[in-house]
Each structure stands twice: as structure tokens, then as C-alpha cells.
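Only one structure is covered here, and it is reproduced in the block below.
The values are calculated or read from the model by the stated rules, or taken from the named source; none is laboratory data. In this text the structure is predicted, and so the values were computed from the model without any measurement. Every residue, glycine as well, gets a Cβ built from its backbone with ideal geometry; the counts of neighbours run over all protein chains shown.
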Amino acid sequence: MAFEDLLNDPVIQKYLHELVGPTGMPVAAAPPEGEVTDEELAEELGLELNDVRRALFILYENDLATYRRVRDEDSGWLTYLWTFHYDNIPENLKEEMERLLEALENREEYERTHEFYLCDVCSIRFEFGEAMDFGFECPECGSPIEAMENDRLVEAMEWRLDQLKTELNADVGN
């Protein structure tokens, strides 16, 4: 996928937004080619220097930016020259999907293997053991708690798991 295509992809835009938030999005959405200082980015984008630095650090933590330190011989000050590396985004997204798949598999198994009870008044859900400990009465309002069917929830999770597995298998071939 070409660099320009990456930046125009709504999934990648959403991913970047989730990483850096709205204040860091101008930094992430239009990375310059080559090296740039945080001060140059702040001035060019009209942003606070701390917002730019926060976004750059988040991008760095996610392997989407690197820096090189240069010491000014006269003042001794360090300047950080940043370079963006968005070619890592597809792999990062795949790893996120794999983490989501694992979490959803665990949650689906939990939902499938446990019995739940619900207080219709408070909308609090209890596992069977908790419901039994409370004498099948809501500890908040005293209303009876009734058995809850979660078949539709489990079916929705299974459907989403199938989608994720299909998407991940499609990515493996690329």
C-alpha cells in the first residue's frame, strides 16, 4: 500500500486518531517526509509544543516514528530529529486484530460457559454463584433477579469472531 493510500484510508485515520487523540491528529495525519524537529512541527501546524511532543512519543512507542539526537556544539542543547515510519501500520493493525480476536474468544467462552441472572430494575447482571449468594435478590434494590438468556450475545460474538478470522486470513495472504 502506497504511503498516500495509507493516509487516505479511513481505517488508518481512525487507528491514528485512537493512538494520538484529537490534539495529536494534525501531527499524525500529515507527516512530513524526511527529518523534522518537534519545534518545526509545532510552528508549522500551529500547535502547542507539548501536544506535538506527546503525539510524537506515542507514535514512537508504536514504531511509527523514530528520532535521532543531535547535540549543538555551541550550546550543548540536544535537538531531536523525527522521522515517520508508517509502513508499520498494516502490521500494527493486524496485531491489534489478533489481540481483539483473542479477547473476544475468551469473552465468548465465558459467556457460553456461565449462567447469568439479571435484575430488571437495576440492570445489574450476576453470575449464578453471586445470585445464589444474594438469595436471588438484587443487593441494590431487593427485587428478584431472574435467569438471563445470553444466546443472542453469544451468537453475535460468534459472528464477529468469524468475521475477524476471515479478515485475518485474508491479511495473511497479502
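Looking across 103, 131, one residue alone is closer than 24 Å to residue 156 by Cβ and surrounded by 15 or more Cβ atoms within 10 Å (Cβ to Cβ). It is 131. Candidates 41, 56: the one that is assigned to a helix (DSSP H, G or I), in contact (Cβ under 8 Å) with a residue 40 or more places away in the chain and either among the aromatic types (Phe, Trp, Tyr) or surrounded by 11 or more Cβ atoms within 10 Å (Cβ to Cβ) (or both) is 41. Of everything listed in (1) touching a residue at least 40 places away in the same chain (Cβ under 8 Å); (2) surrounded by 13 or more Cβ atoms within 10 Å (Cβ to Cβ), the single unmet condition for residue 27 is (1).
Checking 26, 22, 10, 32 one by one, the residue that is closer than 29 Å to residue 166 by Cα and not aliphatic (A, V, I, L, M) is 10 and no other. Residue 110 meets the conditions (1) without any contact (Cβ under 8 Å) to a residue 40 or more places away in the chain; (2) touching a strand residue (DSSP E or B) at 6+ places or on another chain (Cβ under 7 Å); (3) not acidic (Asp, Glu) in every case but one. The failed one is (2). The number of residues in segment 67-120 that are of a type in the set (A, V, I, L, M, F, W, C), part of a loop (DSSP other than H, G, I, E, B) and in the same structural domain as residue 137 (by TED's automatic domain parsing) comes to 1.
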